[in-house]
Amino acid sequence: MLWRCDKCGKEFKTKREAVRHEKICSGIKPNFKLFRHPVTKDIEFVRIGFCWPALFFGFLWYLYKGMIARGFFWLIISIPTFGLGWIVAAFRANKELEKFLLQQGYKFVKYTETKKI
């Protein structure tokens, strides 16, 4: 069975793909990505886009999230640039967190608009 977007008419093989496309097509963008660890069943939400906590707390945010080496890397980068490195780090932080979670064995589950399962 094929599913069709009501807005643009594009066809999809699964209802899940069609629903996600309809939200994007109508202008509603998801804010978070949900990750779940298959063994421990831990859940992590990762915001899509700019990371304000990484901008304000710098390498302490990386330490809090468990990315110790990455935190010290950005600390070393920000010292000679007088803190301007944190602006770059804030743009990259959530993507780096996603990669870190995937390396830790977490699996991507879905896009979501809020931090609700």
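Only the coordinates and a few stated rules stand behind these numbers; no lab work does. Quick caveat: nothing in here was measured; it's all calculated off a predicted structure.
Compute the helix-to-body angle for 85-103: its Cα long axis versus the longest principal axis of the chain, expressed 0 to 90° and rounded to tens.
On a 0 to 90 degree scale, this one is about 60.
For Cα Rg over 2.2 N^0.38 Å, the listed values are (1) 1.31; (2) 2.71; (3) 1.58; which was obtained by calculation from the structure presented?
(1)
What aspartates and glutamates could a cross-link reach from residue 15, if we take a straight Cα to Cα line under 16 Å and drop same-chain neighbours fewer than 8 places away?
Correct list for residue 15: 6.
Give me the number: length gained by fully extending residue 91 to residue 50, i.e. 0.36 nm times residue separation minus the C-alpha to C-alpha distance, one decimal in nm.
Full-extension gain reported as 14.3 nm.
Out of all DSSP beta bridges with both ends in the chain, state the antiparallel percent to the nearest 5.
Beta bridges within the chain, antiparallel portion: roughly 100 percent.
What's the angle, to the nearest 10 degrees (0 to 90), between helix 68-78's Cα axis and the longest principal axis of the chain?
70
Report, in listed order, any pair from 41/99; 10/99; 13/65 with a Cα-Cα distance greater than 27 Å.
Check vs 27 Å cut-off fails for 10/99; 13/65.
Taking the Cα atoms only, what angle lies between the long axis of helix 15-25 and the longest principal axis of the chain, rounded to 10 degrees?
So the inclination is approximately 70 degrees.
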